Amino acid sequence: MLRSGRVDFAGVVKRVNLSYVPDAVVGNFVLVHVGFAISTVDEDEARQVFSYLEEMGELAELEEGEPS
Amino acid sequence: MKFIDEYRDPEAAAGFARALRRITTRPWTLMEVCGGQTHAIVKFGVDELLPPEVELVHGPGCPVCVTPLELIEKAIEIASLPGVIFCSFGDMLRVPGRTVDLLTVKARGGDVRIVYSPLDAVAIAREHPEREVVFFAVGFETTAPANAMAVFQAAQLGLKNFSLLVSHVLVPPAMSAILSSPDSRVQGFLAAGHVCSVMGFTEYEPLAARYRVPIVVTGFEPLDILHGVYLCVKQLEEGRAEVENQYTRAVRRDGNVPAQLLMREVFQVVPRKWRGVGEIAESGLGLAAPYAAFDAELRFGVAGHTADEPTECCSGQIMQGLMKPHECPAFGRRCTPEHPLGATMVSSEGACAAYYRYRRFKLPKDEGKVVANGN
């Protein structure tokens with residue numbers, strides 16, 4: 001229950017408790033709250049907002065690949 | 001920063017705004033539940049991108065704001081005791097009690113410490129076996145797993161000098177209370193994404209069905225909020241009332257199961273008083289019987305204490321979506337972040353603090369002057 005890891009917050013590195021994200025591995029993005037990772041960010045799902053815009057035909061003005 | 005900057009893209013935001021205008025035919029009132037969302041909306045001006053028919057009202061999802069006065073008073077009483085190290089998240093220190101706040105207790109010599117995580121408080125307890133270390137455990141379901149782990153670790157370590165002053169609250173009972181009110185104007189919810197990353201969203205399905213309201217689990221960046229509003233308005237326009245997940249990159253249907261398991265081990269559901277709202281049945285968490293030894297209220301004999309809420313603060317109406325912060329006669333005059341009447345003006349998630357920080361110069365001229373003088 002004491003699994004922890006170093007998390008980089010855009011340059012600030014903090015030790016974060018990883019007990020609640022047992023599948024998280026080095027290189028994953030995690031959502032951190034009060035020193036605990038509570039969720040792993042799903043990189044495929046992260047594009048969903050932009051796919052939705054695309055489907056509605058509202059992403060035309062955005063450059064290709066910008067959301068990544 | 002990845003997963004943040006791209007969700008603030010102005011062109012994409014304009015795309016959602018256009019799409020929303022196309023589908024909106026009638027007035028709709030939505031409530032964003034979480035104070036973090038309120039701040040993003042006001043900071044980025046998300047509400048100003050919406051069609052005039054769509055109004056956002058601000059919900060009760062600010063843990064500091066809903067902590068009842070009597071718990072602040074209990075905190076002040078315990079923190080003032082000799083030998084106690086009182087640990088808290090920073091926001092709680094400036095919430096006004098009846099006469100003083102926790103910062104005043106610290107100024108008078110009380111050992112009040114701001115911590116980043118409840119585990120910091122456990123570490124302090126290990127370093128100071130001769131002192132009583134109390135952690136002020138406020139928060140919603142997002143924070144509960146961290147606080148549960150602190151208690152669990154303290155129990156594993158056999159720490160006898162660590163306890164929790166618990167003021168945990170739960171989101172669904174508060175949403176239910178808001179919808180049950182005859183004054184409620186809320187027709188759809190943006191549910192709090194981070195709460196759902198822990199709890200999942202199945203517990204919202206009975207609410208959506210019973211009250212016929214769409215509930216969209218929504219993230220915290222401007223594009224998340226616009227997308228959440230779009231999905232919610234789309235449901236309303238089509239006459240649907242379902243639970244939908246906008247924040248799929250961080251929220252899974254069943255939530256974080258290991259976190260829920262430890263929460264259920266350490267805590268139990270209890271009735272809880274909400275500041276400005278009153279008691280709501282089964283709306284909070286307290287320590288479960290096997291962990292009662294870690295209950296600071298029992299340890300310091302403050303369990304039965306009560307305190308009446310001050311009458312001038314309108315935060316109760318604001319957190320139920322019945323009023324906007326700037327409609328309060330005290331806003332920006334007798335109530336500012338430097339001299340708050342209530343917690344909604346203190347917390348980084350409080351609606352009044354958001355309006356004060358990002359909107360005060362848009363107030364009518366005479367009010368702006370008063371604020372400027374106050375600075």
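Over region B:1-126, what relative contact order in percent results from Cα pairs under 8 Å that are six or more residues apart?
Details: 125 pairs, mean separation 23.1, N = 126.
Across region B:1-126, relative contact order equals 18 percent.
Under a Cβ-only charge scheme (Lys and Arg +1, Asp and Glu -1), can you give me the dipole magnitude of region B:1-118 about the Cα centre, in debye to the nearest 20?
On the way: 13 positive and 15 negative charges, 19 e Å.
Using Cβ point charges on Lys, Arg, Asp and Glu, region B:1-118 gives about 100 debye.
Scanning chain B for cysteines with no neighbouring cysteine C-beta under 4.7 angstrom from their C-beta gives B:Cys34, B:Cys87, B:Cys196, B:Cys232, B:Cys313, B:Cys335, B:Cys352. Think of it as helices only: each DSSP H run of n ≥ 4 in chain A is worth -39500 (n - 2.57), and spread over all residues that comes to -3000 deg cm²/dmol at 222 nm.
Comparing mean-square fluctuations of B:Gly36, B:Gly239, B:Gly286 from a GNM of chain B with C-alpha springs under 10 Å, the top value falls on B:Gly239.
For a quick check of your reading of the filter: which GluC sites (Glu not before Pro) in region B:114-159 sit in a DSSP loop and have no more than 14 other Cβ atoms within 10 Å?
Details: sites: B:Glu127, B:Glu130, B:Glu132, B:Glu141; in loops: B:Glu130, B:Glu141.
Sparse-neighbourhood loop GluC sites (Glu not before Pro): B:Glu130.
Compared with the dominant principal axis of the Cα atoms in chain B, helix B:35-44 is inclined by about 50°. Here's the list of aspartates and glutamates a cross-link from B:Lys74 could span, going by alpha-carbon distance under 16 Å and ignoring same-chain residues fewer than 8 apart: B:Asp101, B:Asp111, B:Glu132, B:Asp295, B:Glu297, B:Asp308, B:Glu309. Segment B:Thr29..B:Lys2, full-extension length gain: 6.5 nm, with 0.36 nm per residue of separation and the alpha-carbon distance subtracted. Model label sites at B:Ala14 and A:Val13, defined 7 Å from Cα along the beta-carbon direction, differ in position by 4.1 nm. The residue among B:His39, B:Thr25, B:Met1 whose Cα reaches farthest toward the positive pole of the charge dipole of region B:1-52, with charges on the beta-carbon of Lys, Arg, Asp and Glu, is B:Thr25.
Which pairs in the list B:Lys43/B:Lys234; B:Lys2/B:Lys106; B:Lys106/B:Lys324; B:Lys2/B:Lys324 are over 27 Å apart, alpha-carbon to alpha-carbon?
B:Lys2/B:Lys106; B:Lys106/B:Lys324; B:Lys2/B:Lys324
Against the main long axis of the alpha-carbon atoms of chain B, helix B:257-266 sits at an angle near 40°. Once C-alpha pairs closer than 8 Å and six or more residues apart are averaged by separation and normalised to the residue number of chain B, the relative contact order reads 22 percent.
Computed from the coordinates by the stated procedures, all read-outs in this text should not be read as laboratory data. These numbers come from a predicted model, not from an experiment. Cβ coordinates were reconstructed from backbone atoms using ideal geometry, including for glycine residues, and neighbour counts include every protein chain displayed.
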